[in-house]
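Please see the structure below; I have some questions.
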Amino acid sequence: MADMYHVIIPARFASTRLPGKPLQDIAGKPMIQRVWEQARQSSALSVTVATDDQRIVDACRGFGADVVLTREDHPSGTDRLQEVVSHLELPANACVVNVQGDEPMLPPALIEQVAADLQAAPQASIATLAEPLTDIDALFNPNVVKVVTDQAGYALYFSRAPMPWCRDQFAGGRPASLPADVAFRRHIGLYAYRVRFLHDYVSWPVSPLETVESLEQLRALWYGQRIHVADACVTPPAGVDTFEDLARVRSLLGGA
């Protein structure tokens, strides 16, 4: 089990594919409440929602959550996180887990795992998770982020492109199936950060790689930070990005 850490849940009202996503009802509760309840099952010292919208603030206060109203102009969720850790006056050596506000079925064990991984990797500024990627469609899907690591589990690169690129097997174009002797991994967007890193992160200019891939973790690699990646201890369910995702989760939690 992880030592002491905090959970922050960024939750924006605006969403291109699913407007008002954090407040969408799931079996009688807003989605953000479902996420908060999952995070509360972990051993975190505190669980705080971070939002730029007063409607989400009001909803969170209604079910008893700690919530911070942040600025609206943050370029990324990591920047919003830094505002909140400053507001909470968390010490530089504290560990913070960023739980996405659209993960109403996130297993608390994953929150515990990523916090423990960061605390066990003193060279890392960030810890995150991955899982084996076994489907050729997923490998070539730009919405599925891939990660490769070194032998010690530290990230070498994250990309929307297929990687590692198997030169011989992919020479003729996309194959029918994955090469059997290559370990492909899908990145899972759950992060633990050291607070001192968050303060540094917001002072750095946006990096070229971060811009072209639209992956904010690449800013950390660009500026020489280390990211530890472990295989998830349990398979995480998919989050909610679309109305179809919302219908699926409503069906699964309808009896909750």
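Out of all the residues in segment 201-256, which are within 20 Å of Asp79 (Cβ to Cβ), in a helix (DSSP H, G or I), open to solvent by 70 Å² or more (accessible area, probe 1.4 Å) and hydroxyl-bearing (Ser, Thr, Tyr)?
Thr211
Of all residues being open to solvent by 30 Å² or more (accessible area, probe 1.4 Å) and not in a loop (DSSP other than H, G, I, E, B) in segment 118-165, which is nearest to Phe184 (Cα to Cα)? Just the residue, please. Give the derivation first.
Taking segment 118-165 and keeping what is open to solvent by 30 Å² or more (accessible area, probe 1.4 Å), we get 119-120, 122-123, 131-132, 134-135, 137, 140-143, 148-152, 156-157, 160-161, 164-165.
Next, from what is left, pick out any that are not in a loop (DSSP other than H, G, I, E, B): 119, 131-132, 137, 148-149, 156-157.
On the way: Gln119: 26, Glu131: 9, Pro132: 6, Asp137: 12, Val148: 8, Thr149: 10, Leu156: 13, Tyr157: 13 Å.
Per the stated criteria, the residue is Pro132.
Which of the residues that make up segment 107-117 are open to solvent by 40 Å² or more (accessible area, probe 1.4 Å) and within 14 Å of the chain's Cα centre (by Cα)? Even if it seems obvious, please write down each step before you answer.
Of the residues in segment 107-117, the ones open to solvent by 40 Å² or more (accessible area, probe 1.4 Å) are 109.
Once the filter is applied, which keeps residues that are open to solvent by 40 Å² or more (accessible area, probe 1.4 Å) and within 14 Å of the chain's Cα centre (by Cα), segment 107-117 yields nothing.
Now for a different question. Quick check on my filter: what residues within segment 180-200 are out of contact with any strand residue (DSSP E or B) (no Cβ under 8 Å at 6 or more places or on another chain) and either open to solvent by less than 20 Å² (accessible area, probe 1.4 Å) or part of a helix (DSSP H, G or I) (or both)?
Quick first cut of segment 180-200, residues out of contact with any strand residue (DSSP E or B) (no Cβ under 8 Å at 6 or more places or on another chain) only: 180-182, 196, 199-200.
Arg196, His199, Asp200, listed by residue number.
Among the candidates Gln100, Gln38, single out the residue that is among the polar types (S, T, N, Q), over 18 Å from Ala127 (Cβ atoms) and either within 20 Å of the chain's Cα centre (by Cα) or assigned to a strand (DSSP E or B) (or both). Steps first, please.
Numbers: Gln100 fails: over 18 Å from Ala127 (Cβ atoms).
Of the residues listed, the single one that is among the polar types (S, T, N, Q), over 18 Å from Ala127 (Cβ atoms) and either within 20 Å of the chain's Cα centre (by Cα) or assigned to a strand (DSSP E or B) (or both) is Gln38.
Residues to consider are Val7, Val67; find the one that is assigned to a strand (DSSP E or B) and either acidic (Asp, Glu) or touching a Cys at 6+ places or on another chain (Cβ under 8 Å) (or both).
On the way: Val7 fails: either acidic (Asp, Glu) or touching a Cys at 6+ places or on another chain (Cβ under 8 Å) (or both).
Testing whether each residue is assigned to a strand (DSSP E or B) and either acidic (Asp, Glu) or touching a Cys at 6+ places or on another chain (Cβ under 8 Å) (or both) leaves just Val67.
Identify, by number, the condition in (1) modelled with pLDDT of 95 or more; (2) among the basic types (Lys, Arg); (3) more than 19 Å from the chain's Cα centre (by Cα); (4) under 22 Å from Ala238 (Cα atoms) that Lys29 doesn't meet.
Condition (1) is where Lys29 drops out.
The values are calculated or read from the model by the stated rules, or taken from the named source; none is laboratory data. For clarity, every value in this text was computed on a predicted model and none was experimentally measured. Cβ atoms come from the backbone with ideal geometry, glycine included; neighbour counts cover every protein chain shown. These accessible areas exclude ligands, DNA and RNA; they are computed on the full protein's heavy atoms, side chains included. Shrake-Rupley method; radii C 1.70, N 1.55, O 1.52, S 1.80 Å.
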